[in-house]
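The values are calculated or read from the model by the stated rules, or taken from the named source; none is laboratory data. The model shown is predicted, which means the values in this text are computed figures rather than measured ones. Reconstructed Cβ throughout: ideal geometry from the backbone, glycine too, with neighbour counts over all protein chains shown.
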């Protein structure tokens, strides 16, 4: 009986092998897949394509709206790309889940890659976040003169990672936005007016009233100085070898340096011309006669 079954099975296997590949079953399987999963895949691709077009339209509408409100170009482009790319990635993940692929494994892999990438560029991410804060909060604008992080100069450009300053001697300083956004920033150009402060020293032998009159004469001839608030001339300090007079005047911000340099020179010359002694550090030594 066993021998008969073995011979029968062997004969059947030889017959199947001799017949070759079963093309009928192969085409039946393909047709079945097309009628089920194929239609589902095609429908998903069509819907994904339509949704991509919708995302592009929404992104462009948001960009045009921000441009019409004269928002910062960098902020506009960043927000445009984040919305456009972010929504498309979300749609792709939904499409993958729709066609039956398990997204849990993909999520784990993407999370691992994201963690490693974040650790590798955490400094750059800090600068990126700082750049967004600067562009949104606007503590300064291009063309402002700022003092920050031990640097000072005119803001030449604001990028997402670095802010570029041009110093008065025409050097370019690049400050990382991460430390810049979290530090103290002095914006010299934010206000339309500035106060110019001076200190002039006269000797104790000179007349304070006469020195003040000399200074007031120079100030009255300077047209760039505001009359309101009134210029201030006062004794600021009684130093060891001099009387220090403080002078404060208000000017437009664009006239600051011209007034500063002009008054330093003009007031010094006027004081000398009027006979006001300009002191210098000195030490008086008194010797007593000591008898043995």
Specify the residue that is surrounded by the fewest Cβ atoms within 10 Å (Cβ to Cβ); the eligible residues are those in the stretch 124-136 that are in contact (Cβ under 8 Å) with a residue 24 or more places away in the chain and out of contact with any helix residue (DSSP H, G or I) (no Cβ under 6 Å at 6 or more places or on another chain).
136
Could you please let me know if residue 225 is assigned to a helix (DSSP H, G or I), closer than 28 Å to residue 145 by Cβ and under 48 Å from the mean Cα position of the chain (by Cα)?
no
In this structure, does residue 245 turn out to be surrounded by 15 or more Cβ atoms within 10 Å (Cβ to Cβ) and touching a strand residue (DSSP E or B) at 6+ places or on another chain (Cβ under 6 Å)?
yes
Yes or no: the stretch 143-159 includes at least one residue that is more than 18 Å from the chain's Cα centre (by Cα), in a loop (DSSP other than H, G, I, E, B) and on the phi < 0 side of the Ramachandran plot.
no
Quick check: is even one residue across the stretch 74-82 within 47 Å of the chain's Cα centre (by Cα), at pLDDT below 75 and not in a helix (DSSP H, G or I)?
no
The listed residue being modelled with pLDDT of 90 or more, in a strand (DSSP E or B) and more than 14 Å from the chain's Cα centre (by Cα), out of 211, 234
234
Output for the stretch 177-193, where each listed residue is surrounded by fewer than 19 Cβ atoms within 10 Å (Cβ to Cβ) and not in a loop (DSSP other than H, G, I, E, B)
179, 185, 186, 187, 193
Among (1) modelled with pLDDT under 80; (2) over 30 Å from residue 184 (Cα atoms); (3) surrounded by 12 or more Cβ atoms within 10 Å (Cβ to Cβ), where does residue 114 come up short?
(3)
Lone unmet requirement of (1) outside any strand (DSSP E or B); (2) surrounded by fewer than 17 Cβ atoms within 10 Å (Cβ to Cβ); (3) out of contact with any helix residue (DSSP H, G or I) (no Cβ under 8 Å at 6 or more places or on another chain) for residue 206
(2)
When you go through (1) within 40 Å of the chain's Cα centre (by Cα); (2) farther than 30 Å from residue 134 by Cβ; (3) assigned to a strand (DSSP E or B) one by one for residue 196, which number turns out not to apply?
(2)
Condition test on residue 238, is it over 30 Å from residue 149 (Cα atoms) and surrounded by 12 or more Cβ atoms within 10 Å (Cβ to Cβ)?
no
Check on residue 251, surrounded by 15 or more Cβ atoms within 10 Å (Cβ to Cβ), at negative phi and in contact with a helix residue (DSSP H, G or I) (Cβ under 6 Å, 6 or more places away or on another chain)
yes
Name the single residue that is surrounded by the fewest Cβ atoms within 10 Å (Cβ to Cβ) among those in the stretch 209-235 being under 11 Å from residue 271 (Cβ atoms) and in contact with a strand residue (DSSP E or B) (Cβ under 8 Å, 6 or more places away or on another chain).
212
